[in-house]
Amino acid sequence: MNSDMLKLANHNNKHVFDSMFLILICFIGLDVVVSTVFDLSDEKLNTIFGLVLFLSMACITFAVANGFVLPTLKTVYKKAIGQSALFAVLYKTC
Amino acid sequence: MIAQLSVTVIFAVMVFEFVFFNSFHSIFKVVIIAVSYFEASFILCAMGYKLFSWFRVNPRGSKTMLFYLLSMVFASFSLGLSGLVVFNGLILNDSLLIQPNKNVVFPVITFESFGVLFTLLSITLISYISAYLSIWIGTVSLFRTYLKTRNLHKKKIWILAFASLFSYLTAIVPTLIFIPSKQFVFDDQSLLYFRILFKISVISSGIFFGIIFIVMSNSMTSIKRKSSAMIGKYSRMSAYGITTLAIITVSQPYVLSYPPFGIISSSFGALASFIIAIGFYSMAISASQEAHIRHLIAKELKEADLIGKLGTAHRVKEIEKKVMDISKEKTNALKDQTGIEYDDSDEAIKNHLDEIIKEMQQQRQQQQPLKKNKGT
């Protein structure tokens, strides 16, 4: 792969990382909002709708985090993570 | 990676039980939260310590970063305590199997009835408030400096900043008032709207903090200098981390509800802390190194200007060489200390030099008419 293609790949990775992280933030926010609804009424969420909502949110959030955010994190921020021993260890444990 | 994958596996087992048996064991929720929160606490603590060690060696470091250091310490402490609260809640909970429950439970937690849990919740809340206030002050002062250097006015962002602080304090006041009388009323039924206001204000604050860092990141990456682009990247990383962590802190993991909403957000504590820690730490060190090098160049140029030698190309070359030598030495020392690389290439130093000469010339041009006016 020549340097221009490598640059383009890095650029694309960065955009994928940014958009995926925004999706992750939205779903985490939605989870917190729905958990607050419990304070209003428990019954509303103990239904098929609640179950489907919970499962679909969980699937999307974990798929985005484990499938896109974590793998691209290291490639996009390799300068920050790769050059420090502590960061590399923390990346592995987090 | 390890914590996040373990959490995913445990979560999958919990979902399996939840779907096929219409109930789940609370131990799964506790383990997920323990892994996520204790790991998050450890990461923030490690980064706080690294940042503190760096401040001891470089006492000239930015005061704004000191507020971020404080917020990291408080956030680490509160996340660790939240993990303990969940453990304590499990011990106190009679039923370990969580099933659909038609009644909404609003627990009244007093020192007499819950003892340790009351103490833990009170300290956690005070610690979260301290973390929030430190991060708010740090971000506001950082943004103020940014606007000052660029002569900009962003009224809407200031309104958002003060509105989120005001609503946060308003929402938390009733709980704080009752703590001296040994009652933790945060989950009280009559304070439902305060609880909703609290969550809204924390989420909007998280978005506000994120916007500030994104604005700064965009402005840094627009400067065609490698070192500034790197600071911009770290700033963007901090934006994602800070927004995610702010949202996670209001997920109330100790409430054992069915379906377990709130657990999804709670399980990303480690990832958010890692991103926030790495972003802040790298940004603080890179920005401070850039400021230090620019200060060094400006000092050398001013000295040369005073003795009237700045005009000669030979003198500028001499300064360039001197600054390059010192910069390389400092950058190598920085890399050994922190592991963070800084752009100290000849081209980067030359760019700084040209920019500072231009700034000095502009300042001189602005001062000349003033002197003429004074003379007349």
Being at pLDDT 75 or above, outside any loop (DSSP other than H, G, I, E, B) and outside the structural domain of B:S71 (by TED's automatic domain parsing) is the requirement here; does B:S273 meet it?
no
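Yes or no, residue by residue, for (1) assigned to a helix (DSSP H, G or I); (2) modelled with pLDDT of 85 or more; (3) within 25 Å of A:T47 (Cα to Cα); (4) away from chain A (no Cβ under 11 Å):
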site	(1), (2), (3), (4)
B:T8	yes, yes, yes, no
B:V19	yes, no, yes, no
B:I32	yes, yes, yes, yes
B:S36	yes, yes, no, no
Close pairs from segment B:1-28: first free of Cβ contacts under 8 Å to residues at least 24 places away in the same chain, partner among the charged types (D, E, K, R), Cβ under 7 Å, at least 6 apart
B:M1/A:K92; B:I2/A:K92
Count of segment B:184-199 residues which are farther than 10 Å from B:A171 by Cα, within 11 Å of chain A (Cβ to nearest Cβ) and among the β-branched types (V, I, T):
0
Do we have any residue at all in segment B:26-36 that's charged (D, E, K, R), in the same structural domain as B:S127 (by TED's automatic domain parsing), touching a strand residue (DSSP E or B) at 6+ places or on another chain (Cβ under 6 Å) and under 18 Å from B:F261 (Cβ atoms)?
no
If you take the residues of segment B:172-202 that are crowded, with 20+ Cβ neighbours inside 10 Å and among the aliphatic types (A, V, I, L, M), which of them is farthest from A:D31 (Cα to Cα)?
B:V185
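Residue-wise test of (1) more than 23 Å from B:L81 (Cα to Cα); (2) of a type in the set (D, E); (3) more than 8 Å from every other protein chain (Cβ to nearest Cβ).
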{"residue": "B:I247", "(1), (2), (3)": "no, no, no"}
{"residue": "B:S257", "(1), (2), (3)": "no, no, no"}
{"residue": "B:F261", "(1), (2), (3)": "no, no, no"}
{"residue": "B:S266", "(1), (2), (3)": "no, no, yes"}
{"residue": "B:G269", "(1), (2), (3)": "no, no, yes"}
{"residue": "B:Y281", "(1), (2), (3)": "yes, no, yes"}
{"residue": "B:A284", "(1), (2), (3)": "yes, no, yes"}
How about segment B:48-65: which of its residues are at pLDDT below 85 and part of a helix (DSSP H, G or I)?
B:K50, B:L51, B:F52, B:S53, B:W54, B:F55, B:R56, B:V57, B:K63, B:T64, B:M65
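The values are calculated or read from the model by the stated rules, or taken from the named source; none is laboratory data. Computed from a predicted model, the values in this text were never measured in an experiment. Cβ sites come from the backbone with ideal geometry, for glycine too, and all protein chains shown count toward neighbours.
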